[in-house]
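The values are calculated or read from the model by the stated rules, or taken from the named source; none is laboratory data. As the structure is a computational prediction, the values presented were derived from the model and not from experiment. Cβ atoms come from the backbone with ideal geometry, glycine included; neighbour counts cover every protein chain shown. Side chains are part of the model used for accessible areas, which takes the heavy atoms of the whole protein and leaves out ligands, DNA and RNA. Shrake-Rupley method; radii C 1.70, N 1.55, O 1.52, S 1.80 Å.
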Amino acid sequence: MGRKLVTVRRIGAIKPIEGADRIEIAVIDGWTCIVKKGQFVVDGLAVFFEIDSFLPGTDARWAFLEKNFIDWNGQRGFRIKSMKMRGHMSQGLLEPLEDFPEIIGVIKDLEAAHGRSEAEKIVRGLSFEEPLGVQKWEKMYNTWDGGEKKENVPLPAFIQRTDQERCQNLPDLFDEWKDEVFQETTKMDGSSMTAYFLRSDSDKTTSLPEVDSSVPQTALLHNGRFGVCSRQVDLGEQDKNGRYFWEVAKQLDLANKLSRLDRNIAIQGELCGSSIQSNFEGFPVGIHDFFLFSVYDIDKQKYTRPKEAEAMARKLGIKHVHVEGYFRLGDIATDIQGLLERAEGKGLHGKKREGIVLKHVDGGFTFKAISNSYLLKHGE
Ligand code: ATP
Ligand code: MN
Ligand code: MN
């Protein structure tokens, strides 16, 4: 499941901007978006395109954005970014529903089949990037070394992919969770990394990729298999794209440490360092490290409690993402705006941090609050 970039939503509020007579603010769940005055009404439905949507220039409906088109991934189009206008954040693009017959068609069909109110609920969970040719903009890294291109092996199906929803998309957050306790950690802007160990007697070992027996392997251990993955890919030990992931795994001796636990387990964390992403965290040249943020119990098919993940980092002698503390949600903020303000802050090396991650004490529900000033500064 990826992000839902194009959704149909009800407009929560319309607010004036002081001194502006042609624009105003539309509130969509926890987002604020600057729109043309009078174009939208409170409680009306509209199509909301989240930040990082890449709109195809071939669609005439985006012609009005043409002077700001960029070239990306071999295409021309518009990338939606966070902006600040007249002192107000504007995130996303809000468009009238009537301009999108593709979406209206889907709604009509659902209404005919399920009735109005049920249809609205279903539509709320749908994302329309496919019919509109919208893609998620991502920074392109040229990691291919010119050698033979191999098929990627996906992250094993028995491990859950790291992800958190943005707080702006959780309209019921405070109603449902304000009395619950959350672990608050610093969000690091590196790459998601998973290291797993699977005992040789596990029935899941058959689902793992074959290892190339012609080269020395760290993956094969006396009692099982060890693997290193990016967010989506089970990286081969010889795979050049996985270079820093495997380097750090070896530097921290993760294969032996996990094998000594002798249980089916995955540890997940952020790979950070001078060669990862744009090193906005400011790591010294050549320094790479892994910061654990969760432990996944493969047999139980669930995450451990955050406290147990912290204990695991200590046991393995590796770093954990910085823990701000454990708090009742209602004590750290009373609304989304308060959470976003709390997300502002400094990271490990004193640079602006990306934000915070809140994880419920039982290890199930997590979400993130990304710093708006970080988005304005780095925009990725
Ligand atoms: P987007 O949400 O824009 O699609 P994305 O898929 O890269 O981007 P992020 O915004 O980076 O997701 O948020 C989720 C990721 O945050 C996780 O996959 C994880 O790698 C990373 N992360 C960094 N710090 C933490 C932390 N303290 N706790 C949990 N996850 C963290
Ligand atoms: Mn995501
Ligand atoms: Mn990230």
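Taking every pair of distinct Cα atoms and averaging 1/r, then inverting, what Kirkwood hydrodynamic radius in Å comes out for the chain?
Evaluated on the chain, it is 22.9 Å.
Given the C-alpha centroids of the stretch 186-220 and the stretch 309-343, what is the distance between them in whole angstrom?
One Cα centre to the other: 28 Å.
Step through the residues of the stretch 190-197 one at a time and calculate ³J(HN,Hα) from phi using the Karplus curve (6.51 cos²θ - 1.76 cosθ + 1.60, θ = phi - 60°), rounding each to whole Hz and writing x for Gly and Pro.
x, 10, 5, 9, 10, 10, 10, 10
Which value results when the Cα radius of gyration for the stretch 6-136 is divided by 2.2 N^0.38 Å?
1.09
Considering only S117, S53, S90, give the residue with the highest GNM mean-square fluctuation for the chain, with springs between Cα atoms whenever their separation is below 10 Å.
In this elastic network of the chain, the residue with the biggest mean-square fluctuation among S117, S53, S90 is S117.
Identify the GluC sites (Glu not before Pro) of the stretch 256-336 meeting these criteria: DSSP loop state and at most 10 other C-beta atoms within 10 Å of the C-beta.
Within the stretch 256-336, no GluC sites (Glu not before Pro) qualify (loop, at most 10 other Cβ atoms within 10 Å).
With the other protein chains left in place, how much accessible area per residue, in square angstrom, belongs to the chain at a 1.4 angstrom probe?
For the chain, the per-residue accessible area is 51 Å².
Explain nothing, just the number: relative contact order of the stretch 144-267, from Cα pairs under 8 Å at least 6 residues apart, as a whole percent.
Once divided by the residue count of the stretch 144-267, the mean separation gives 33 percent.
Relative contact order of the stretch 6-136, please, whole-number percent, based on alpha carbon pairs below 8 angstrom and at least 6 residues apart.
26 percent
For labels at Q232 and Q337 in the simple 7 Å Cα→Cβ model, what's the distance in nm?
Distance between the two pseudo-spin positions: 3.7 nm.
Explain nothing, just compute: Karplus ³J(HN,Hα) = 6.51 cos²θ - 1.76 cosθ + 1.60, θ = phi - 60°, for every residue of the stretch 285-301 in order, whole Hz, x for Gly and Pro.
Using θ = phi - 60°, the values come out as 3, x, 9, 9, 8, 10, 10, 5, 10, 7, 10, 10, 8, 5, 5, 7, 6 Hz.
Summing -39500 (n - 2.57) over the DSSP H runs of n ≥ 4 in the chain and dividing by its residue number, what mean residue ellipticity at 222 nm do you reach, to the nearest 500 deg cm²/dmol?
-5500 deg cm²/dmol
Using DSSP to call loops (not H, G, I, E or B), can you name the trypsin sites (Lys or Arg not before Pro) in the stretch 63-148 whose Cβ has at most 16 other Cβ atoms within 10 angstrom?
Passing both the DSSP loop test and the Cβ count: R86, K139.
Using 0.36 nm per residue, how much length does the chain from K67 to S127 gain when fully extended, once their Cα-Cα distance is taken away?
18.9 nm
Tell me the angle of helix 101-114 to the major Cα principal axis of the chain, expressed in degrees between 0 and 90 and rounded to the nearest ten.
Compared with the principal axis, the helix lies near 80 degrees.
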